[in-house]
């Protein structure tokens, strides 16, 4: 029996969710950027800036790492904090509350202030994306930001939220870490250094 590890392969299942959203890809041959137009089993249809169309199987998609959900990004000329917009899709009461001990924004809502004799306690629902589950979840935090219960609820509008990740070109499948996609920041850094 052959126990060799197979190299990861980019598949149609990885690309199809991004098709409606103008995903950019980079040719492995000439390092030019193209727009993804369509895909079939082993090739994609791409378009260059001059409206030329090509079929190829030698490319990598340009994606944004999930770590940027909690950082301000720019998409189609608009700057925003993705996790905050997504949290508001789930529940309009979600807001930016504070930063946790790691400096990551706490997006959610305060849900309770209650008295226990001489002390007052507060709980916060924290909205986040769980990379292992590939779902948006809600955690319950204590007033000091410590975890009381992880993933107590799954977001009710996950389908709409995941579609936003595709629209904003987030790497939902972990393709960057597998070497199957290019981190958008590496391209932006090159353009900044060359400009």
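Counting residues in the chain as N, plug N into 2.2 N^0.38 Å and put the Cα Rg over that result. Working shown, then result.
On the way: Rg = 20.3 Å, N = 195, 2.2 N^0.38 = 16.3 Å.
The value comes to 1.24.
With r defined as the distance between the Cβ atoms of residue 146 and residue 79 and R0 fixed at 45 Å, what FRET efficiency is calculated, to the nearest 0.05?
Details: r = 31 Å, r/R0 = 0.70.
Result of the calculation: an efficiency of 0.90.
Would you mind calculating the gained length between residue 33 and residue 100 on full extension (0.36 nm times residue separation, minus the Cα-Cα distance), in nm to one decimal?
Fully extending the segment from residue 33 to residue 100 adds 20.4 nm.
Considering the chain as a Gaussian network with a 10 Å cut-off on Cα pairs, which listed residue, 165, 69, 45, attains the greatest mean-square fluctuation?
Largest GNM mean-square fluctuation: 45.
Quick one: which of 134-143, 6-15 comes out on top by average Cβ neighbours within 10 Å, and what's the full order, highest first? Intermediate values should be presented prior to the final figure.
Working: 134-143: 18.1, 6-15: 13.0.
The peptides rank, most packed first, as 134-143, 6-15.
Please work out the FRET efficiency for the pair residue 157 and residue 40, using the Cβ-Cβ distance as r and a Förster radius of 22 Å; give the result to the nearest 0.05. Write out the running numbers ahead of the final one.
Working: r = 31 Å, r/R0 = 1.42.
After rounding, the FRET efficiency stands at 0.10.
Can you work out the PRE-style zone for residue 167? Point 7 Å along Cα to Cβ, and I want the residues of the range 64-94 with backbone N under 16 Å.
Those under the cut-off are 73-92.
Between helix 158-167 and the chain, what is the angle of the helix's C-alpha long axis to the longest principal axis, kept within 0 to 90° and rounded to the nearest 10?
Taking the Cα atoms of the chain, the angle to 158-167 is about 40 degrees.
How large is Rg over Rh for the range 68-165, taking Rg from the Cα atoms and Rh as the Kirkwood inverse mean of 1/r across Cα pairs?
Across the range 68-165, the Cα-based Rg/Rh ratio is 1.00.
Just so you know, all these numbers are worked out from the coordinates, no wet-lab data involved. Fair warning: this is a prediction, and the values are worked out from it, not measured in the lab. Here the Cβ is made from the backbone with ideal geometry for all residues, glycine too, and neighbour counts use every protein chain on show.
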